[in-house]
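The values are calculated or read from the model by the stated rules, or taken from the named source; none is laboratory data. Please read these numbers as outputs of a predicted model, since none were measured by experiment. Here the Cβ is made from the backbone with ideal geometry for all residues, glycine too, and neighbour counts use every protein chain on show. Each accessible area value is taken on the protein alone, full model and side chains, heavy atoms only, with ligands, DNA and RNA left out. Shrake-Rupley method; radii C 1.70, N 1.55, O 1.52, S 1.80 Å.
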Amino acid sequence: MRPPVDERRIRDLAHRLGRVASARVRIYLTGGATAVLEGWRRATIDVDLRFEPESDELLRAIPALKETLGVNIELASPPDFIPELPGWRERSPLLFRDGNVDVHHFDPYSQALSKIERGFAQDREDVSELIKRRLVEPNRLRELFDAIEPELFRYPAIDPPSFRLKVEQTLTP
């Protein structure tokens, strides 16, 4: 079992990835890494990320970095679990640049909807923090859910009426 990952270790991971990348790559952080970097959690159990464009050299570096840094790294982002939200890239704020990587939070609205769909206690707390910190505006979240609802059939693990109910329960004070 690897130790929890704090902000310093997330930044160290990005720094090392920035030294491996031979061309500019965007890294999108999601889940616990967002919570740690935004300050509502001290640590996370893993770093969920996505590369754009996909980079073979970064993918090859991950196993060694996992061992060297003692960090669990998962290649996961909201579109692995829910349809892509329109405009997600534009809503993915740049956090910092290091070497050839631009490190972004994955769109907070995409994160919120994927967490609502999953529905674990930690996910519900994270969505509350995203709203409390004004990273997510409730009415816009509802609009973006409406935009992806017709595409939910592409995700057979999701029951659309249950997902809608979870969204409404989350957004009802």
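One residue is enough: does region 67-77 have a residue meeting the conditions within 20 Å of Ala14 (Cβ to Cβ), among the polar types (S, T, N, Q) and open to solvent by 70 Å² or more (accessible area, probe 1.4 Å)?
Yes: region 67-77 contains one or more residues that are within 20 Å of Ala14 (Cβ to Cβ), among the polar types (S, T, N, Q) and open to solvent by 70 Å² or more (accessible area, probe 1.4 Å).
So if I check each of Glu54, Glu84, Glu90, which one is in contact with a Ser or Thr (Cβ under 9 Å, 6 or more places away or on another chain) and surrounded by fewer than 18 Cβ atoms within 10 Å (Cβ to Cβ)?
Glu84
Quick check on my filter: what residues within region 135-170 are closer than 15 Å to Trp88 by Cα, touching a residue at least 12 places away in the same chain (Cβ under 8 Å) and out of contact with any Gly (no Cβ under 9 Å at 6 or more places or on another chain)?
Within region 135-170, Leu135, Val136, Arg140, Leu141, Arg142, Phe145, Ala147, Ile148 meet the criteria.
Being small (Gly, Ala, Ser), crowded, with 16+ Cβ neighbours inside 10 Å and within 13 Å of Leu13 (Cα to Cα) is the requirement here; does Ala61 meet it?
Spelling it out, Ala61 is indeed small (Gly, Ala, Ser), crowded, with 16+ Cβ neighbours inside 10 Å and within 13 Å of Leu13 (Cα to Cα).
Got a number for residues in region 79-102 being in a loop (DSSP other than H, G, I, E, B) and touching a Gly at 6+ places or on another chain (Cβ under 7 Å)?
Count: 2.
Looking for whichever is touching a helix residue (DSSP H, G or I) at 6+ places or on another chain (Cβ under 8 Å), without any contact (Cβ under 8 Å) to a residue 40 or more places away in the chain and over 22 Å from Ile148 (Cβ atoms) here; the options are Glu74, Glu57, Glu67, Glu125. Which one fits?
Step by step, each of Glu74, Glu57, Glu67, Glu125 is checked, and only Glu57 is touching a helix residue (DSSP H, G or I) at 6+ places or on another chain (Cβ under 8 Å), without any contact (Cβ under 8 Å) to a residue 40 or more places away in the chain and over 22 Å from Ile148 (Cβ atoms).
Please work out if Ser128 is of a type in the set (Ser, Thr, Tyr), under 17 Å from the mean Cα position of the chain (by Cα) and either open to solvent by less than 90 Å² (accessible area, probe 1.4 Å) or at pLDDT 95 or above (or both).
It is true that Ser128 is of a type in the set (Ser, Thr, Tyr), under 17 Å from the mean Cα position of the chain (by Cα) and either open to solvent by less than 90 Å² (accessible area, probe 1.4 Å) or at pLDDT 95 or above (or both).
Restricting to region 13-37, give me the number of residues that are assigned to a loop (DSSP other than H, G, I, E, B) and surrounded by fewer than 22 Cβ atoms within 10 Å (Cβ to Cβ).
4
I want to confirm something. Restricting to region 139-173 and keeping residues that are aliphatic (A, V, I, L, M) and open to solvent by less than 80 Å² (accessible area, probe 1.4 Å), which single residue is nearest to Lys115 (Cα to Cα)?
Per the stated criteria, the residue is Val167.
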